[in-house]
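The values are calculated or read from the model by the stated rules, or taken from the named source; none is laboratory data. These numbers were taken from a predicted model, which means no experiment stands behind them. Quick reminder, even Gly has a Cβ in these numbers, built from the backbone with ideal geometry, and neighbours come from all protein chains shown.
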Amino acid sequence: MPWNPEKYHQFQSQRSAPFDDLLQMVDIRPGLRVVDLGCGTGELTRRLADSLLESDVLGLDSSPQMLERAGEHARPGLRFELGNLAEVGGKWDLIFSNAALQWSDEHKKLIPLLYSRLAPKGQIAVQVPSNHNSNAHLSIIEAAGREPFASALGGWTRQSPVLPIEAYAELLFREEAQEIIVFEKVYPHVLENADAIVDWISGTALVPYFERLDSLKDDFVNAIRQDLRVLIPGEPVFYPFKRTFISARKAA
């Protein structure tokens, strides 16, 4: 997908708060071999690397546009590569991912695969948005089902692969993981109005629609904007953003 770093960073402070919470879940030890799946433009991967002394950190992302910016943060012990997050190889002491695995399908297969890439005593620490039932995301599905968008999309809509929290806990239990922690947290964002919510999702959830709609892109955004002005009127507006956190460790 063609990501726009400038659009993504429009709400950088709000997007970084879950990273801080995820980092608190990491068992910080020196000398770790670490991969950050979905490193984006690299600022947060640099913070991760800075907190892990004497560690070798790889930031992996599938977007050349994001990695062009991420390269600015490379240093000894921190590098960035282009790659498919769901096909990461090797063995890692820490598999970290902040708001990226929601773009990979079939989490029932993905989570066991990632767990299998952990070295003994290794940890997986992941955060994914779980607000796919919010008004904003349901408005995307609704607009995509109307013409002319339905024909342009060929009936396609993107369904979130994110599972209920108990499903992640059970998947890790089946893998004989230790210290399993899975929970959902609501981040209470106050935005200027409904249009600001559309600006937010234009940098994330709407991206796969944009690459399919071409000349209808602006019309699609305006349709969603009109829907959300009705569903979420007034100024300011409350935008509760749910996120799922997952952590587990492999036995020695």
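It is to be established whether one or more residues within the stretch 41-48 are free of Cβ contacts under 8 Å to residues at least 60 places away in the same chain and over 19 Å from L22 (Cα atoms).
Checking the stretch 41-48: not a single residue is free of Cβ contacts under 8 Å to residues at least 60 places away in the same chain and over 19 Å from L22 (Cα atoms).
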Original post:
Can you spot a residue in the stretch 109-124 that is among the basic types (K, R), in contact with a helix residue (DSSP H, G or I) (Cβ under 8 Å, 6 or more places away or on another chain) and at pLDDT 95 or above?
Top reply: no
Just one listed residue, out of D93, D61, is charged (D, E, K, R), touching a residue at least 60 places away in the same chain (Cβ under 8 Å) and in contact with a Leu (Cβ under 6 Å, 6 or more places away or on another chain), and it is D93
Requested in this report: Return a yes/no flag: does the stretch 74-91 have any residue that is crowded, with 23+ Cβ neighbours inside 10 Å and farther than 28 Å from A169 by Cβ.
Outcome: yes
Across the stretch 19-35, the tally of residues that are in contact (Cβ under 8 Å) with a residue 24 or more places away in the chain, charged (D, E, K, R) and over 11 Å from S55 (Cβ atoms) stands at 2
Taking the stretch 121-150 and keeping only residues that are over 11 Å from L228 (Cβ atoms), in contact (Cβ under 8 Å) with a residue 24 or more places away in the chain and small (G, A, S), one is left with G122, A125, S130, A144
Might you check whether a residue that is modelled with pLDDT of 95 or more, surrounded by fewer than 17 Cβ atoms within 10 Å (Cβ to Cβ) and under 22 Å from E81 (Cβ atoms) occurs anywhere in the stretch 48-63? yes
Heads up, the helices (runs of 4 or more DSSP H) in the stretch 152-252 (entirely inside) with at least 2 residues that are buried (at least 20 other Cβ atoms within 10 Å of the Cβ) and more than 16 Å from the chain's Cα centre (by Cα) are 165-174, 194-202, 217-231
